[in-house]
1. At ASP68 and GLN2, where each label point lies 7 Å from the Cα along Cα→Cβ, what is the point-to-point distance in nanometres?
2. Roughly how many nanometres apart are two label points built 7 Å out from the Cα toward the Cβ at ALA13 and ARG29?
3. Where Lys and Arg each count +1 and Asp and Glu each count -1, what net charge lies around ASP56 among other residues with Cβ under 11 Å from its Cβ?
4. By per-residue mean of other Cβ atoms within 10 Å, what is the highest-first order of 19-31, 43-55?
Amino acid sequence: IQDSNARQSALAAASINIGCLVARRELARRIGAEPIDAAPHLAVLGLGRLSGNGLDYGSDLDLILVYDDGDEIAA
């Protein structure tokens, strides 16, 4: 069971990575830049069972997306 959970967690992580890659390429296409230039400052945090490699067939993906748009925050 642990091996199955670890493999499902790895599949979820790979899917999230590909989703980020597709989003980066689409952003680059829309703004007319190279994908590396259009790379947003984005972190995807996996919570719950995903963070512990314990996903199973009934699990959902608890994600937090953190984005830095580069704007200064006025104090």
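1. So the label points at ASP68 and GLN2 sit 3.7 nm apart.
2. Here the answer is 2.8 nm between the modelled labels.
3. Cβ neighbours under 11 Å give a net charge of +1.
4. Averaged packing, sorted descending, gives the order 43-55, 19-31.
Values in this text are rule-based calculations from the coordinates and carry no lab data. Nothing here was measured: the structure is a model prediction, and the numbers come from that model. Because the Cβ atoms are built from the backbone with ideal geometry, glycine has one as well, and the counts that use them run over all protein chains shown.
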